[in-house]
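The values are calculated or read from the model by the stated rules, or taken from the named source; none is laboratory data. Here the structure is a predicted model, which means the values were calculated and not measured. Neighbour counts run over all protein chains shown; Cβ positions are idealised from the backbone, glycine included. Remember, those area values only see protein heavy atoms, side chains included, never the ligands or the DNA or RNA. Shrake-Rupley method; radii C 1.70, N 1.55, O 1.52, S 1.80 Å.
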Amino acid sequence: MMAYLDGDWLELATPSGNTIRVLKASHPRARRLRLTVSPKGARITYPQGTHPSQVNAFLRHNADWLEKKLDELNLVIEPLPPLRLGVPIEFPLRGEIATLDWAEGAYPRVVACEGGVTLEIPRPHSRALPVARGLLASYFENQIRRDVSRWLAGYVPQLGLAPTALRIRPMKSLWGSLDTRDRINLDLALALAPPAALRYVLAHELCHLKVRNHSPRFWAHVESIFPDWREQRDWLRQNGATLKAELDRLIADVAD
């Protein structure tokens, strides 16, 4: 669906439920319709005299490509300082700023405390960082599983369907997916997001058990079980790159 916002902008509703604003401009020397994407947004240029229906049709035809390119740009952010042994850092956890601290302990473990977590690592510290990253990954997964198990108890009776398994792992660009065996995959970075964002992704993937595409019927199912889905989808689009980068430095970066 296409709608004019004013004389210079178009609004494109994509099949996945996103809405993209596109700057439109005619050009006296343009010979064809051209769609470009930059950090400033999307722009379509076209020859003078082009009928608006042609512009709209061109945008609709390229909706998937446009959404993919904008998502790629959203994943480009400044590198974060690496995780270093003994150096406290701040990081997002369940949508709040938390502190990661270090301590010596009899065995490796993550201790939840007010305002964050403490990594207890025994001596010697020759492999402290790989151990620390593994501990954090397990801790984040447990946080997600705890929430998901509680929400599934409500969603499964509503939908009349249930996933066959739940897998949680780092995902490069997606937040979740449903495979052909009805297994739900969730991105480990969702442990850093507000619980409502995680809940939206879970509801999204659960609704794919009923409808495997992003048709209006699919979004109607999402709306029925999670009415605030638009707000959480938009939050992830705006903050997702930072979350994925934070997870990467916490569980994947190597620094001595």
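Rounded, prolate or oblate: which fits the range 164-236 when a ≥ b ≥ c are the square roots of the eigenvalues of the alpha-carbon gyration tensor, with rounded for a/c under 1.5 and prolate only if a/b beats b/c?
Oblate, since a/c reaches 1.5 and b/c is not below a/b.
A dipole drawn for the chain from +1 and -1 charges on Cβ atoms has a positive end, and of Ala245, Trp175, Trp235 the residue lying farthest that way is Trp175. Taking a sphere under 9 Å around the Cβ of Ala189 and counting the other residues whose Cβ falls inside, with K and R at +1 and D and E at -1, yields a net charge of -2. Under 5 Å between amide hydrogens, built in the peptide plane, is the criterion, and for Trp9 it picks out Lys24 among residues at least 5 positions away or on other chains.
For the peptides 241-247, 165-171, what is the packing order when you average, over each peptide's residues, the other Cβ atoms within 10 Å and list the highest mean first?
So the order, starting with the most tightly packed, is 241-247, 165-171.
Full extension of the segment from Arg32 to Leu161, taken as 0.36 nm per residue of separation minus the current Cα-Cα distance, would add 41.6 nm. Of Glu205, Glu114, Glu223, the residue with the greatest mean-square motion in the GNM of the chain, using alpha carbon springs below 10 Å, is Glu114. What a 1.4 Å probe finds exposed on the chain is 51% carbon and sulfur by accessible area, rounded to a whole percent. Mean projected area of the convex hull spanned by the Cα atoms of the chain, taken over all viewing directions: 16.8 nm².
For the cross-link pairs Lys24/Lys244; Lys210/Lys244; Lys24/Lys69; Lys24/Lys210; Lys69/Lys210, which exceed 27 Å when the distance is taken from alpha carbon to alpha carbon? Pairs exceeding 27 Å: Lys24/Lys244; Lys210/Lys244; Lys24/Lys210; Lys69/Lys210.
Trp235 sits with roughly 80 Å² accessible to a 1.4 Å probe, with DNA, RNA and ligands left out of the calculation. Using alpha carbons only, how many degrees (0 to 90, rounded to 10) separate the axis of helix 195-207 from the longest principal axis of the chain? Tilt relative to the chain: about 60 degrees. Placing a label point 7 Å from the Cα of Arg21 along the Cα-to-Cβ direction, the residues of the range 41-68 with a backbone N closer than 15 Å are 41-44. When nucleic acids and ligands are ignored and a 1.4 Å probe is applied, Lys210 ends up with an accessible area of around 80 Å².
Can you tell me the 0 to 90 degree angle between the C-alpha axis of helix 229-251 and the longest principal axis of the chain, rounded to 10? Helix 229-251 and the main axis of the chain meet at about 40 degrees. Surface analysis of the range 211-256 yields an accessible area of 53 Å² per residue, using protein heavy atoms and a 1.4 Å probe.
For the range 213-246, list residues with backbone N below 17 Å from a point placed 7 Å from the Cα of Leu80 toward its Cβ? Answer for the range 213-246: 236-246. Let me make sure I get this right: for the range 76-122, a, b and c are the square roots of the gyration tensor eigenvalues over alpha carbons, sorted descending. Under 1.5 in a/c it's rounded, otherwise prolate if a/b > b/c, else oblate. Which is it? Here the range 76-122 falls in the oblate category.
Compared with the direct C-alpha span, the chain from Val111 to Ser173 gains 19.3 nm at full extension, assuming 0.36 nm per residue.
Counted residue by residue at 0.36 nm each, then reduced by the alpha carbon distance between them, the extension gain from Val211 to Glu96 reaches 38.1 nm. From helices alone, the chain scores -13000 deg cm²/dmol at 222 nm; the rule is -39500 (n - 2.57) for each run of n ≥ 4 DSSP H residues, then divide by the residue total. Of the residues Ala30, Ala13, Ala42, which exhibits the maximal mean-square fluctuation in a Gaussian network model of the chain defined by a 10 Å Cα contact cut-off? Highest fluctuation among the options: Ala30.
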